[in-house]
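The values are calculated or read from the model by the stated rules, or taken from the named source; none is laboratory data. Computed from a prediction, not measured in an experiment: that's the story for all the values here. Don't worry about glycine lacking a Cβ; one is built from the backbone with ideal geometry, like all the others, and counts go over all protein chains shown. Accessible surface is based on the protein model in full, side chains and every heavy atom, while ligands, DNA and RNA are left aside. Shrake-Rupley method; radii C 1.70, N 1.55, O 1.52, S 1.80 Å.
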Amino acid sequence: MIFFSPDINMTDEEFRLLRDFVYQYCGLHFTPESKYLLEKRLNKRLQHHRLKNFKDYYYLLRYSQHKDQELTEVIDALTTNETYFFREDFQLKTFTQEILPEIRARKEKTGDKRLRIWSAGCSSGEEPYTIAMLLLGMPAFHDWQIDIIGTDISQRVLQIARKGVYGASSFRATDSNYQRRYFSEVDGKHRVADNVKSLVTISHLNLFDAPRVTLLGKMDAIFCRNVIIYFDQAAKKRVVESFHDRLRPEGFLLLGHSESLMNITNAFVLRHFTNDMVYQRPALSGLNEDRL
Ligand SMILES: C[S@@+](CC[C@H](N)C(=O)[O-])C[C@H]1O[C@@H](n2cnc3c(N)ncnc32)[C@H](O)[C@@H]1O
């Protein structure tokens with residue numbers, strides 16, 4: 001027999017405690033109107049621990065011996081991980097047809113054949129693997145050292161990214177040539193090829209963990225698409241400023257199509273390309289760029 005436990009209601013005070021805790025940790029922002037979302041998504045955790053109210057859950061999350069493990073569960077429950085291969089095709093065209101050739105021309109002047117790209121908030125890995133497939137299709141980069149770093153805060157989606165095995169919904173925008181070329185079928189699912197995987201490193205990273213973000217080193221381009229929409233203005237500002245620090249001068253920041261830096265920062269310039277507009281860290285004048 002299956003027993004259904006009724007959902008437990010969250011008081012306004014419990015909402016404030018949990019909302020502030022989540023916001024401080026990872027920037028995810030729940031307005032009072034979205035209280036029901038927090039309540040609904042965390043109800044399973046209360047039931048898992050057989051708790052009667054959200055205050056006890058809050059104390060468990062803050063002070064129990066297993067608080068780190070529980071935080072992982074909270075993040076998995078609260079993040080929205082929707083993604084698929086070749087998402088936002090017009091932007092990817094801009095990336096391969098205009099941005100990458102520009103980066104290549106600039107770097108070749110100094111004999112630098114290294115390319116570092118960060119997919120920040122990569123979810124289950126479709127975005128960094130898409131970037132890898134695009135680069136494999138560009139002969140001009142075949143003798144380059146390419147590092148694509150995919151990071152996310154949710155351990156659940158990172159497990160999928162590391163496995164690299166995907167179902168049909170990940171392919172809703174994928175040209176069949178790519179699917180044939182870079183995937184093999186395993187038990188009705190699709191495993192990404194080793195040459196694609198070998199360009200990508202998948203790591204756990206909270207974008208608000210400043211010391212660990214710094215450890216990533218400098219990037220030529222950062223993709224952070226459909227991630228900052230879940231943050232408020234102050235959190236967006238913090239994250240975007242850290243992207244500015246991680247980018248080399250003239251490096252590019254690619255946001256989702258509905259996201260902009262208006263009212264957040266003036267630190268980037270907006271470049272108008274044929275198919276899209278993309279943010280760029282300005283060039284430094286009079287400084288040795290190799291040091292950055
Ligand atoms: C909607 S997915 C976007 C995936 C991919 N960038 C795309 O556009 O298809 C948003 C991802 O951001 C991640 N995320 C949210 N807050 C984060 C944080 N503070 N640090 C790192 N990742 C975060 C979520 O776990 C989620 O996987």
**Request:** Specify which of the listed residues (92, 135) is buried (at least 20 other Cβ atoms within 10 Å of the Cβ) and more than 25 Å from residue 229 (Cβ to Cβ).
**Result:** 135
**Residues satisfying the stated conditions in the range 217-237, i.e. more than 15 Å from residue 121 (Cα to Cα), surrounded by fewer than 19 Cβ atoms within 10 Å (Cβ to Cβ) and in contact (Cβ under 8 Å) with a residue 60 or more places away in the chain** = 217, 218, 232
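Just need a number here: residues in the range 212-231 that are more than 13 Å from the ligand (Cβ to nearest atom) and closer than 12 Å to residue 119 by Cα.
Step one: of the range 212-231, the residues more than 13 Å from the ligand (Cβ to nearest atom) are 214-215, 217-221.
Add one more test, that the residue is closer than 12 Å to residue 119 by Cα, and what stays is 219-221.
So the count comes out to 3.
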**Request:** Return a yes/no flag: does the range 232-255 have any residue that is among the basic types (Lys, Arg) and within 12 Å of the ligand (Cβ to nearest atom).
**Result:** yes
**Prompt:** Give me the pairs: first residue in the range 58-80 and hydroxyl-bearing (Ser, Thr, Tyr), second residue crowded, with 18+ Cβ neighbours inside 10 Å and modelled with pLDDT of 95 or more, beta-carbon distance under 6 Å, and six or more apart or on different chains, which are they?
**Reply:** 58/17; 58/18; 79/154
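Would you say residue 84 is open to solvent by 40 Å² or more (accessible area, probe 1.4 Å), among the aromatic types (Phe, Trp, Tyr) and not in a helix (DSSP H, G or I)? I'd like the intermediate steps shown before the answer.
Working: open to solvent by 40 Å² or more (accessible area, probe 1.4 Å): yes; among the aromatic types (Phe, Trp, Tyr): yes; not in a helix (DSSP H, G or I): yes.
Answer is yes for this residue.
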**Request:** Evaluate the following for residue 151: is it within 13 Å of the chain's Cα centre (by Cα), modelled with pLDDT of 95 or more and closer than 30 Å to residue 208 by Cα?
**Result:** yes
**Item:** Residue check for residue 180: farther than 30 Å from residue 27 by Cα and among the basic types (Lys, Arg)
**Value:** yes
**Fill in**
Restricting attention to the range 63-79, the residues that are surrounded by fewer than 15 Cβ atoms within 10 Å (Cβ to Cβ) and either at pLDDT below 95 or in contact with a Leu (Cβ under 9 Å, 6 or more places away or on another chain) (or both) number exactly 2
**Complete:** How many residues of the range 14-63 are outside any helix (DSSP H, G or I), under 23 Å from the mean Cα position of the chain (by Cα) and either assigned by the TED database to the domain that holds residue 240 or of a type outside the set (Ser, Thr, Tyr) (or both)? The answer is 4
**Item:** Where residue 147 falls short, out of the listed (1) assigned to a loop (DSSP other than H, G, I, E, B); (2) open to solvent by 30 Å² or more (accessible area, probe 1.4 Å); (3) of a type outside the set (Gly, Ala, Ser)
**Value:** (1)
**Request:** Considering each of 120, 132 in turn, give the residue that is in contact (Cβ under 8 Å) with a residue 60 or more places away in the chain, away from the ligand (no atom under 12 Å from the Cβ) and not assigned by the TED database to the domain that holds residue 70.
**Result:** 132
**Asked** Are any of the residues in the range 154-171 away from the ligand (no atom under 16 Å from the Cβ), part of a loop (DSSP other than H, G, I, E, B) and either touching a residue at least 60 places away in the same chain (Cβ under 8 Å) or outside the structural domain of residue 102 (by the TED database) (or both)?
**Response** no
**Asked** Pick from the range 4-27 the residues that are within 16 Å of the ligand (Cβ to nearest atom) and surrounded by fewer than 20 Cβ atoms within 10 Å (Cβ to Cβ): which of them is nearest to residue 230 (Cα to Cα)?
**Response** 23
**Fill in**
Filtering the range 201-216 down to residues that are open to solvent by 20 Å² or more (accessible area, probe 1.4 Å) and within 29 Å of residue 285 (Cβ to Cβ) yields 210, 214, 215, 216
